[in-house]
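Reading through the structure tokens given below for one structure.
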Number of protein chains: 2
Amino acid sequence: MGSRPTLASLAGQLGVSRQTISNAINAPERVSPPTLERVRELIAASGYRPNNAARQLRTRRSRNLGYRLFPSPDGINTAIMDRFLHALTERLYEHGYRVTVFAVANDDAEIEAYEELLETAELDGFIVADTRQDDPRTSWLMDRGVPFVTFGRPWAADNDSCPHSWVDVDGRVGTAEATHYLLTQGHRRIGFLGWPEGKDLARARPTGYELGRDRKEGWKAALSPHLEPAELELLSVGVPDRIREGAAGALTLHRNGATAIVCASDSLALGASEQLRATFPDKSPAVIGFDDTPVAAAVGMSSISQPVEEVAEKVVEIMRTILDGPANQTKAPQHILLPPRLVLRDGGGPLANPPTP
Amino acid sequence: MGSRPTLASLAGQLGVSRQTISNAINAPERVSPPTLERVRELIAASGYRPNNAARQLRTRRSRNLGYRLFPSPDGINTAIMDRFLHALTERLYEHGYRVTVFAVANDDAEIEAYEELLETAELDGFIVADTRQDDPRTSWLMDRGVPFVTFGRPWAADNDSCPHSWVDVDGRVGTAEATHYLLTQGHRRIGFLGWPEGKDLARARPTGYELGRDRKEGWKAALSPHLEPAELELLSVGVPDRIREGAAGALTLHRNGATAIVCASDSLALGASEQLRATFPDKSPAVIGFDDTPVAAAVGMSSISQPVEEVAEKVVEIMRTILDGPANQTKAPQHILLPPRLVLRDGGGPLANPPTP
DNA sequence: GGGCGAAACTTGAACGATCAAACCTTGTTT
DNA sequence: AAACAAGGTTTGATCGTTCAAGTTTCGCCC
């Protein structure tokens, strides 16, 4: 029982040189059809697979990309990044790329890890999630010309002139759509349950504060034709991203006259929904969450769904044009903003009538 | 500006041979103290890091382990595997190991991926989660002598004679502890809300059915000294792992006289808890969940917490003795069963009194 | 003082692939 | 008919490391 086949061993069997086998794999047009055929047959029969380490040593390409795992915060919103990682891995795998994950505590450590991974494992690039304004990570990567794509906008004044590629979901469109839907249902006093504004309160939110502002603006834009600014003011509340706080915030909004609520996250929405149903069993305000997490689906709550699978697909597409595309082609950074989708559900919650056994 | 330092370039600067530098890194005892000192200084000053591809090509070790990402099911229990992956990655990184993740649809595809990853990326081993009885994956890995450790027992008749190493959490002990706690609180008729039994209903549960049986047995063992078998029978219900089903199951248990409920998952517990609180606002039965997911923490529900970080630590320890330990030492498989911890919370749920603004 | 052995270090080869350049064949051009 | 071009194939070198087998130095012992 021999060890695994190599280019040289295959070449020996076929009476050709290693380079011919190599060409058959990497540049088939250089090999004559009959030879190509024979080589391909042997490759299939022998189950040959090129050794990545050897290839990497020579080409300085690892076909391996890095992704940072985020620490699970106390929210329920991690589920969405889970789905993203899953889709990302799957899509990249299809194109022969592997994903190396790493976990670090903060941005500084993340940059250090980039350096380490680039130098030892020679990763070909990174997928960076959860970008913030003036993100030190993207500047670092850009400075050294490391290929990367972000899931998240740079949130700079002009996102379109951003020098790197990004894919993101348009939260504004999502909350606007939810608000419009509630308007068609006859609601006018629609509340927004979001996160606190101001940078110093960053801890209270799952990510940068720009995200929350974006989501709030969609609600505001959809509702402002129908309400006075003073009323709008009353109908917006910002609280830390926890279920408990969502419950409290919902009561405030209800007191201010809200008959329906659009939320910045499912955590808030879940708190709001359960609280309102408990406090006002007969006619509790409608609640729409954000992210369409499993919990929302489970309790039958409407929510705005981010197309993370599509985001992953776009990210991979862009990454491939950067890494596999023609070398000397100028690669203009791509910016893709995907619309979320409103998922309507009947309401759910505790069962009205105990089922008979 | 030169490219990155290599063994040869460092050797040139110091007037020694490459091998001496290599020895200083991998076998310091072979190098004389003064030379060692000089080499180490230069390494630090130059920021030299060994190239992994070259090292791998020669040693056939990649310092890279594989881990399969699970498809996010519709439950809320993925959070725990998230934490596990995070801890695992962190611990392995500390010891110079990287984690390559992959996502596949089923067991066959998983085995194919093992093969692919072993041959091309030459992974050193795998961490296998969520094992079942007669798991085809572990047999495959064992047959080819691939190093691996599982998070999860083999669930065979005799776990202790299992030929591979595993780490798991003792669900039985967890539910027993929860039941005991409820007994000390004066409860006698304590219900168990679990999953359906029988292999054909596998879809209804997050994983193999052995897990659910294990958790149920802890409750049964703790309670059987206090109740007749017939009563026990009435106090146990098995439903699919969804919030909605948990709500229904809880009502059944309540009808059968349960004053407290121990659950096989937080999904079920959440449904039970919310339902009971809605249906019996004044004196709703106590509910204890399983897995201590973020949702449980958020709604203030008691739950049995799996020490996944500790599991990850043990898994890494075992993996290191396999991979880095003395080569010709006989490695008896290790089996570690960790106890979960009961996390008590006040109850939470909707706020009784609307807070003043 | 010759032989021996250990310690410290060096040298050549190998891992398995790709790059760059050389080498044959053919067939076409002048 | 000699020169040239292009297509197909081979050869030698190289990526950066470690293994295995050398070499040198020096002290020790009989």
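Filter the stretch A:154-169 down to the residues that are more than 12 Å from the chain's Cα centre (by Cα) and either assigned to a loop (DSSP other than H, G, I, E, B) or β-branched (Val, Ile, Thr) (or both) and list them by number. Of everything in the stretch A:154-169, those that are more than 12 Å from the chain's Cα centre (by Cα) and either assigned to a loop (DSSP other than H, G, I, E, B) or β-branched (Val, Ile, Thr) (or both) turn out to be A:154, A:155, A:156, A:157, A:158, A:162, A:163, A:164. Among residues of the stretch A:29-46 that are closer than 11 Å to residue A:10 by Cβ, those with a Cβ under 6 angstrom from a residue that is open to solvent by less than 50 Å² (accessible area, probe 1.4 Å) and within 14 Å of DNA strand C (Cβ to nearest atom), sequence gap 6+ or separate chain, pair up as A:39/A:21; A:39/A:24; A:42/A:10; A:42/A:14; A:46/A:5. Scanning the stretch B:135-153 for residues being assigned to a loop (DSSP other than H, G, I, E, B), open to solvent by 10 Å² or more (accessible area, probe 1.4 Å) and either within 15 Å of residue B:335 (Cβ to Cβ) or modelled with pLDDT under 90 (or both) gives a total of 1.
Among the residues of the stretch B:30-65, those identified as of a type in the set (D, E, K, R), more than 8 Å from DNA strand D (Cβ to nearest atom) and within 22 Å of residue A:61 (Cβ to Cβ) are B:60, B:61, B:63. With the requirement that a residue be open to solvent by 10 Å² or more (accessible area, probe 1.4 Å) and within 8 Å of another protein chain (Cβ to nearest Cβ), what does the stretch B:253-269 give you? Residue satisfying the conditions is B:255 alone.
One residue alone among A:113, A:176, A:156 is at pLDDT 95 or above and either surrounded by fewer than 22 Cβ atoms within 10 Å (Cβ to Cβ) or under 24 Å from residue A:249 (Cα atoms) (or both), and that residue is A:176. Being within 26 Å of residue A:291 (Cα to Cα) and either within 10 Å of chain B (Cβ to nearest Cβ) or among the basic types (Lys, Arg) (or both) is not true of residue A:98. Among all residues of the stretch B:48-65, there is at least one that is away from DNA strand C (no atom under 16 Å from the Cβ) and within 19 Å of residue A:68 (Cβ to Cβ). Of all residue pairs spaced 6 or more apart or on separate chains, those with beta-carbon atoms under 6 Å, a first member in the stretch A:284-295 that is away from every other protein chain (no Cβ under 13 Å) and a second member that is among the acidic types (Asp, Glu) are A:289/A:266.
Picking from residues in the stretch B:20-29 that are within 9 Å of DNA strand D (Cβ to nearest atom) and in a helix (DSSP H, G or I), the one that is surrounded by the most Cβ atoms within 10 Å (Cβ to Cβ) is B:21. Do the conditions hold for residue A:16, that is, is it away from every other protein chain (no Cβ under 14 Å), among the aliphatic types (A, V, I, L, M), in a loop (DSSP other than H, G, I, E, B) and open to solvent by less than 80 Å² (accessible area, probe 1.4 Å)? Judged against the criteria, residue A:16 is a match. Residues in the stretch B:30-47 that are surrounded by fewer than 11 Cβ atoms within 10 Å (Cβ to Cβ) and near DNA strand C (Cβ under 10 Å from one of its atoms): B:32, B:33, B:34.
Here B:49, B:68 are screened, and the one residue that is at the interface with another protein chain (Cβ under 10 Å from one of its Cβ atoms), farther than 18 Å from residue A:121 by Cα and outside any helix (DSSP H, G or I) is B:68.
Name the one entry in B:61, B:132, B:91, B:55 that is in contact (Cβ under 8 Å) with a residue 40 or more places away in the chain, open to solvent by 30 Å² or more (accessible area, probe 1.4 Å) and in a helix (DSSP H, G or I). Exactly one of B:61, B:132, B:91, B:55 is in contact (Cβ under 8 Å) with a residue 40 or more places away in the chain, open to solvent by 30 Å² or more (accessible area, probe 1.4 Å) and in a helix (DSSP H, G or I), namely B:91.
Test residue A:88 against the stated conditions and say whether it is away from DNA strand D (no atom under 16 Å from the Cβ) and of a type in the set (A, V, I, L, M, F, W, C). In short, yes.
The values are calculated or read from the model by the stated rules, or taken from the named source; none is laboratory data. Every value quoted in this text rests on a predicted model; they were computed, and no experiment measured them. Using ideal geometry, Cβ is built from the backbone for each residue, glycine included, and neighbour counts are taken over all protein chains shown. With ligands, DNA and RNA removed, areas are computed over all heavy atoms of the protein, side chains included. Shrake-Rupley method; radii C 1.70, N 1.55, O 1.52, S 1.80 Å.
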